[in-house]
Amino acid sequence: MGKIQKILVPVDGSVNGCKAVDEAIFFAQKCQADLDFVYVASNINKDIPSHIVFDRIWEKIPEEIKASKHVETGNIPKAIIRVAGQEHSDMIIMGSRGLGLFKGALIGSVSQKVIEESPIPVMVIK
């Protein structure tokens with residue numbers, strides 16, 4: 001793996017998603033990397049609008065870090081991987097579990113699918 005210049009961070013407003021944001025900011029500062037945040041709208045997170053999630057994130061981002069946001073729809077893992085490719089991300093940092101309707105059945109299903117299908121490194125935060 002070469003120099004990390006761009007990190008993609010999928011966000012959904014979950015506790016582990018917030019932990020991933022904090023780790024991504026720390027990592028971006030150390031690597032002098034840019035951050036891209038992606039919110040994938042779905043039935044699972046329909047009660048948490050993207051602007052609320054992004055507003056919380058933007059309060060945390062230091063001035064020296066360049067950051068941008070993306071809102072997508074559709075299959076969550078595929079959308080994450082698609083944005084990573086479009087933005088030429090060097091890695092993905094995401095939470096180990098997000099918001100799920102069936103906690104026992106879906107815990108980690110999105111992060112697992114991203115790990116399996118991503119052509120770039122994925123760091124999972126728990």
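Side notes on the structure shown:
- When restricted to residues that are free of Cβ contacts under 8 Å to residues at least 24 places away in the same chain and under 13 Å from Ile125 (Cα atoms), the range 16-39 contains 1.
- Residue count, the range 1-30 (criterion: open to solvent by 30 Å² or more (accessible area, probe 1.4 Å), at pLDDT 95 or above and within 19 Å of His88 (Cα to Cα)): 4
- Search result, residues across the range 31-62 that are assigned to a loop (DSSP other than H, G, I, E, B) and either buried (at least 20 other Cβ atoms within 10 Å of the Cβ) or modelled with pLDDT of 95 or more (or both): Gln32, Ala33, Asn45, Ile61, Pro62
- Test: residue in the range 81-102 that is at pLDDT 95 or above and aromatic (Phe, Trp, Tyr): no
- Evaluating Phe26 against the criteria (1) under 13 Å from the mean Cα position of the chain (by Cα); (2) of a type in the set (Phe, Trp, Tyr); (3) more than 14 Å from Val110 (Cα to Cα) leaves one unmet condition, (1).
- Within the range 63-87, residues that are within 16 Å of Lys6 (Cα to Cα) have Cβ atoms under 7 Å from residues that are in a helix (DSSP H, G or I) in these pairs: Ile65/Ile25; Ile65/Ala28; Ile65/Gln29; Lys69/Phe54; His70/Val83; Ile80/Val114; Ile81/Val114; Ile81/Glu117, counting only partners at least 6 apart in sequence or on another chain.
The values are calculated or read from the model by the stated rules, or taken from the named source; none is laboratory data. These numbers come from a predicted model, not from an experiment. Every residue, glycine among them, receives a Cβ derived from its backbone with ideal geometry; neighbour counts consider all protein chains shown. Ligands, DNA and RNA are stripped out before the accessible areas are found, and what is left, the full protein with its side chains, is counted by its heavy atoms. Shrake-Rupley method; radii C 1.70, N 1.55, O 1.52, S 1.80 Å.
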